[in-house]
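What follows is a short report on a single structure.
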Amino acid sequence: MLIDGYDIGNWYDEIFDASGKARPEAEALLSIIKSQPDGEFARLQETANAALVNLGITVNVYGEGQGVERVLPFDIVPRIIRDTEWNCIERGLKQRIYALNLFLQDVYNEGKILKDGIVPEDLVRSAPSYRRACVGLTPPHGIWCPITGTDLVRDRDGQFYVLEDNLRCPSGVSYVLENRRLMKQTFPNLFASSLVRSVDDYPSKLLDLLSYISPRSAQLRAADRSLSIRNRW
């Protein structure tokens with residue numbers, strides 16, 4: 001049941017349902033929270049905040065002068081997403097990022113989406129980030145945005161929606177990795193029992209991707225094919 005004094009309000013709560021009952025995926029977390037002695041939960045939050053300060057993990061806050069660096073906000077209450085729910089999100093994001101790459105390829109080449117009036121041409125051509133030097137360009141494998149930061153929000157209806165796509169220089173992966181490390185230290189038993197998907201392989205996957213789209217890698221593959229053909233003769 002609800003923690004005393006906690007008000008769900010009229011928004012979607014990821015721990016409790018509308019009746020005040022804990023959602024199945026949050027039962028283990030709620031049990032751990034309730035088992036903490038008085039003051040322990042606050043101490044755990046302070047310990048996590050201190051770790052972020054000591055490690056110098058900061059985030060730039062823009063819109064305040066030239067940008068201010070602040071310690072990364074960290075909530076020790078984890079956001080739990082069911083496996084089936086994440087599978088749906090993952091499929092949608094893959095489809096969206098694929099579509100974004102196709103959009104950029106078309107805009108800088110044939111421009112069919114502009115000629116057909118699907119997207120106003122003036123809107124694209126006048127955009128500050130539009131680069132005329134890229135007209136006629138096709139990057140290796142047609143991948144324009146190899147790394148994408150997509151901001152998601154969950155509305156009061158419980159559905160996830162895309163807030164924005166960050167394609168130019170997305171940041172935040174280091175926060176994800178450090179967030180996970182701190183969370184595992186805070187609630188080790190919860191992670192051990194919940195079969196949480198790992199994020200530890202992100203650096204190696206990033207390296208594989210960068211190697212795949214590297215122009216030098218493409219040249220080396222072409223040279224290998226050429227050598228293979230000559231060897232056949």
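The values are calculated or read from the model by the stated rules, or taken from the named source; none is laboratory data. Keep in mind that this is a model prediction, so the values were computed, not measured. Using ideal geometry, Cβ is built from the backbone for each residue, glycine included, and neighbour counts are taken over all protein chains shown.
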Next item on the list: All but one of (1) within 20 Å of residue 155 (Cα to Cα); (2) of a type outside the set (S, T, N, Q); (3) surrounded by fewer than 11 Cβ atoms within 10 Å (Cβ to Cβ) hold for residue 37, so report the exception by its number.
Entry: (1)
Item checked: Residues (of a type in the set (S, T, N, Q) and more than 14 Å from the chain's Cα centre (by Cα)) located in the stretch 141-197 -> 159, 185, 186, 189, 193, 194
Notebook entry, point to check: For the stretch 179-188, which residues satisfy the criterion of being in contact (Cβ under 8 Å) with a residue 24 or more places away in the chain and in contact with a helix residue (DSSP H, G or I) (Cβ under 7 Å, 6 or more places away or on another chain)?
Noted result: 182, 186, 187
Margin query: Taking the conditions exactly as written (outside any helix (DSSP H, G or I), in contact (Cβ under 8 Å) with a residue 12 or more places away in the chain and surrounded by 12 or more Cβ atoms within 10 Å (Cβ to Cβ)), does residue 101 satisfy them or not?
Written below: no
Next item on the list: Examine the stretch 149-171 for a residue that is touching a residue at least 40 places away in the same chain (Cβ under 8 Å), among the small types (Gly, Ala, Ser), touching a Leu at 6+ places or on another chain (Cβ under 9 Å) and within 26 Å of residue 89 (Cβ to Cβ), and state whether such a residue exists.
Entry: no
Notebook entry, point to check: Which ones in the stretch 1-58 are under 16 Å from residue 75 (Cβ atoms) and of a type in the set (Gly, Ala, Ser)?
Noted result: 26, 42, 48, 50, 51
Next item on the list: Those residues that are closer than 22 Å to residue 193 by Cα and in contact with a Leu (Cβ under 9 Å, 6 or more places away or on another chain), I need them from the stretch 10-22; list them, please.
Entry: 15, 16, 21, 22
Item checked: Conditions (1) within 17 Å of residue 196 (Cβ to Cβ); (2) loosely packed, with under 15 Cβ neighbours inside 10 Å; (3) at pLDDT below 90: number failed by residue 90 -> (3)
